[in-house]
Amino acid sequence: MKIQTNFNLKNHNTFGINAVADRFVTMESPDDYEDLMRSGLLHDGPFLVLGAGSNVILPDHYHGTVVHPVHRNIRQIVVDRNCNFIEASAGTPWSFFVDYCIANEWYGLENLAGIPGTVGAAPVQNVGAYGIEAKDVIESVHYFDLLTGQQCWIKNDACQFGYRHSIFKTELANRVIVDRVRFHLAKGFTPQLGYKALAAAVDQRGVVAPTARQVADTVVALRNSKLPDPASIGSAGSFFKNPVVPSGKYHELRLQFPDVVAFPVGDGKEVKLAAGWLIEHCGWKGRSMGNVGVYDKQALVLVNRGGCTGSEVRQLAQAIINDVKNKFDVALDCEAIFV
Ligand code: EPU
């Protein structure tokens, strides 16, 4: 492992916030986890595990240790009659992993193509897009428990996966470091086109039986049409979660706002409102406050207009939360995490 002090994190968070950390520890091999635990560094103030930094809003100065896994590895574990078990290290870029699996004819990740971030972060927030979530393909997660010094495998059903949620955000937060994830991927490809916008985009391509690659390419094209390119515009992807409300509340809203956008969830007792629609209808789309703005193609995304700080992001997020509450009586929750 490599330890650097007073380390600038500007290139390690997709929002592009110019933050400095007391210590930055690069984890280059699986053996580094044992060394890190023995080093005592993690008992010297708080610590933060940072993959690609695609979902965090950093303060100007992080008074603690940032742990940055970069170890990459993808391997096939067992070939079952029905599926492939594939293991990937935490530092493997998610997008690379998805493409690698498609090229090897291991299926199930196509709808999650193009998501920024690393494999290690996927189970933490249960990344999801176009009708699929990481929980649908994760078999188990391996982590180092810094409290007990033990290494553990946790099975999917114990991970308490929910919408952008897992046990790694609650009981195991600030206590464990995920170092690899095991996936179960299908041997044959079945397109998953339940998300209407994806089905329509595949249809537009005029292919009757799309290949996995074609579905993944369509997903990437859809993402590119709505989300800013992290290489040129700083953002954290969706900044807010789509709020889940009782279906009664949705029907109430529809009386006043007949075109409010919502998707059914679970047994129909609740619906997920499109936060982008709520924010847009509060007039925020394309607007700015200081150096932070609301993206003009997708109101769910906050963007760095140049040199923004974490506290500016917090102020804009709070202003949006207040407006959505006042206009629709709906509580918005941040998906991005303020460190
Ligand atoms: N909409 C608006 N105005 C906007 C944005 C959206 O009216 O400015 C309405 C439109 O009707 C649109 C609908 O909301 O059809 C849904 O929009 P979109 O398909 O862009 O999806 P989303 O619900 O805004 C979620 C995820 C995204 C994921 C897409 C596709 C969350 C918080 N976000 O966004 O995830 O890519 O669905 O599945 O659940 C991320 O988490 O970083 C992320 C990008």
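A few comments on the model shown:
- Here the dipole of the chain is about 600 debye; that uses its Cα centre as origin and unit charges on the Cβ of Lys and Arg (positive) and Asp and Glu (negative).
- Charge tally in the Cβ shell below 10 Å around Asp333, where Lys, Arg are +1 and Asp, Glu are -1, Asp333 excluded: +1
- For the chain, relative contact order (Cα pairs under 8 Å, six or more residues apart, normalised by length) works out to 16 percent.
- Near Cys83: Cβ cut-off under 13 Å, other residues only, Lys/Arg at +1 and Asp/Glu at -1. The net charge is -1.
- The length gained on full extension between Gln214 and Gln315, counted as 0.36 nm times the residue separation minus their Cα-Cα distance, comes to 32.3 nm.
- Farthest towards the positive end of the charge dipole of region 234-339, among the residues Val260, Leu273, Thr309, is the Cα of Thr309, using unit charges on the Cβ of Lys, Arg, Asp and Glu.
- Selection of trypsin sites (Lys or Arg not before Pro), region 33-122, meeting DSSP coil and at most 16 other Cβ within 10 Å: Arg72, Arg81
- Taking 0.36 nm per residue of separation and subtracting the current Cα-Cα distance, fully stretching the chain between Lys269 and Lys327 would add 18.6 nm.
- Cα-derived Rg over Rh, computed across the chain with Rh taken as Kirkwood radius: 0.97
- For the pair Ala221 and Asp145, a Förster radius of 45 Å applied to the C-beta separation gives a FRET efficiency near 0.65, rounded to the nearest 0.05.
- Cα-Cα over 27 Å, subset of Lys10/Lys135; Lys10/Lys155; Lys269/Lys325: Lys10/Lys135; Lys10/Lys155
- Karplus-derived HN-Hα couplings along region 323-332 (A = 6.51, B = -1.76, C = 1.60, θ = phi - 60°), whole Hz, x at Gly and Pro: 5, 5, 5, 5, 7, 10, 6, 10, 8, 8
Values quoted throughout were computed directly from the atomic coordinates according to the rules given, and no laboratory measurement underlies them. Predicted, not measured: the structure shown is a model, and the values here were computed from it. Methodologically, a virtual Cβ is constructed for each residue, glycine included, from the backbone with ideal geometry; neighbour enumeration extends over all protein chains shown.
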